1. Among the listed residues Val183, Val167, Val198, which satisfies the condition of being touching a helix residue (DSSP H, G or I) at 6+ places or on another chain (Cβ under 8 Å) and either under 30 Å from Gln44 (Cβ atoms) or modelled with pLDDT of 90 or more (or both)?
2. In segment 33-57, what count of residues is obtained for those that are under 22 Å from Lys135 (Cβ atoms) and outside any helix (DSSP H, G or I)?
3. In segment 397-452, what residues are over 20 Å from Pro265 (Cβ atoms) and either in a loop (DSSP other than H, G, I, E, B) or in contact with a Pro (Cβ under 7 Å, 6 or more places away or on another chain) (or both)?
4. List pairs: first in segment 374-401 and in the same structural domain as Ala186 (by TED's automatic domain parsing) and among the small types (Gly, Ala, Ser), second outside any helix (DSSP H, G or I) and surrounded by 13 or more Cβ atoms within 10 Å (Cβ to Cβ), Cβ under 6 Å, 6+ apart or cross-chain?
5. Looking only at segment 387-398, decide whether some residue is more than 30 Å from Glu275 (Cβ to Cβ), in contact with a strand residue (DSSP E or B) (Cβ under 8 Å, 6 or more places away or on another chain) and not aliphatic (A, V, I, L, M).
6. Looking only at residues in segment 339-374 that are over 21 Å from Tyr261 (Cβ atoms) and loosely packed, with under 14 Cβ neighbours inside 10 Å, which one is farthest from the chain's Cα centre (by Cα)?
7. Could you count how many residues in segment 190-223 are closer than 28 Å to Ala36 by Cβ, exposed (fewer than 15 other Cβ atoms within 10 Å of the Cβ) and not β-branched (Val, Ile, Thr)?
Amino acid sequence: MTKRFTVFSLCLFMLLSAVTVQAQTSAKANPAVNGAYTLERCVQRALEANPTILAAKSQIQGADYGTKSARGDFLPSVTAGYDYKTYNREQSGGIKDGLTAEHGKSSYTGSIVVTQPIFKGFSLLNNYQKQKLTKKRQEANLNNVELVVIQDVQTNFLALLKARMDVKSAEDSVERLRSQLKVNTAFYDVGLKPRVDVLQAEVELATAEQDLLKARNAVSTQTAKLNSLLNLPLTADINYVGDLQYDPFNLTLRQCLDRAYEFRPDLKIGEKAVEIAAKDAGIASSSFMPSVDGTVTYTKNSDEPGLQDEGYLTHESSETLTAGVSATWTVWQWGADYYDYKRTDEVVTQLEAELEDIRLNAGFEVKQALLSIREASDRIGVARKSVESAKESYRMALARYQAQVGTNNDVLDAQSRVTSSEAQLIEALADYNTAVANLYVAMGEKNPSLEVE
């Protein structure tokens, strides 16, 4: 018996050790799931790991490569060529292409051409500047994407805090109704209250329990949503910590608008789009101007594939080196270049109008968020008074019922008013903090911890 017990203890110890090692290994493999997640840490994690932001960063890198490519267009290009020719019959006499009749059936030519653009109608310059503007636009786009992610994280984090407060309120409601059901049952058992009071209390308790289940499900849903936004496993048990607070917001509308017009990334994106369109118009206008290139060409001829010098030439050198300047100018295209330029010019006008529309919408979003803050702030003050009055009313109704001078309906109604007033306060607090988060995004500012000015 002692031997069996020893073996069982050893197996249990090994099993517990394996579970502990596995848990430690899992925690080390994904250290992001460890520790408490405040709102600020959630935002920082999202900015580091959210796939949308990673995609926007790749766009910046691609734009940087585009800038380097456009810069290379200013430098000379080197082209190497190799040519082979053969004839279907020997030449009857004389010299052709520098070859004797004896070696006249095949020829090989190697060449290297260095071309330096001298003037391209400012198309190279405009294209280079366009690529630089594209990179700046992608940087502004990254800032815009980060603001959207921050808004999503903060909104869902606040929704999680609201859901938790709803759970607490629902639990308190269930506890009050259970206590009332016990009182009703006790009074009914001794014949002091009718059966209908017990039934009413049971119905109200069942309804409150259903509301509690819905609130708990909302917590689970918001937790999963936050995990996905932070690129964490949906099954991970993350410790999100925080409370819905009320800190007065003191910025004026004028201050908010000034900051929005200065920092909003979508305005910067619109401005860069207009500048890029202007560069496209400059590139299109380059077709009206001549194109000038400088060239240096080195050529070597031979009747051997390896371009050797031995024994085939009569009087001409096998190597030539030439340098020159060439200019071309397309003077007529039946309006194709002209109308292409006009098209790009109209795009500039279009984007300028769209930029003005973005500016108007930015102002509206700022004012809308500021009005929402003020409305929620007023609701918080009213709701707090309502909660205090509802709780006092419930306390008095319960005392009257226990003293046999009040009715069960009075208690249930008072309890319902407590739950309703608490829900209104929780909703007002959540709406206030959400409006603050929306306002900072509307101003184009990152506020990870949501500190109110």
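The values are calculated or read from the model by the stated rules, or taken from the named source; none is laboratory data. Note that this is a predicted model, so its numbers are computed, not measured. Note that each Cβ is placed from the backbone with ideal geometry, even for glycine, and that neighbours are counted across all protein chains shown.
1. Val167
2. Of the residues in segment 33-57, 1 are under 22 Å from Lys135 (Cβ atoms) and outside any helix (DSSP H, G or I).
3. Across segment 397-452, the qualifying residues are Ala403, Gln404, Val405, Gly406, Thr407, Ser449, Glu451, Val452.
4. Ala397/Gly406
5. no
6. Among residues in segment 339-374 that are over 21 Å from Tyr261 (Cβ atoms) and loosely packed, with under 14 Cβ neighbours inside 10 Å, the one farthest from the chain's Cα centre (by Cα) is Tyr339.
7. Adding up the residues that qualify gives 4.
Here is a yes/no grid of residues against (1) at pLDDT 90 or above; (2) among the acidic types (Asp, Glu):
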{"site": "Ser318", "(1), (2)": "no, no"}
{"site": "Asp337", "(1), (2)": "no, yes"}
{"site": "Arg343", "(1), (2)": "yes, no"}
{"site": "Ala353", "(1), (2)": "yes, no"}
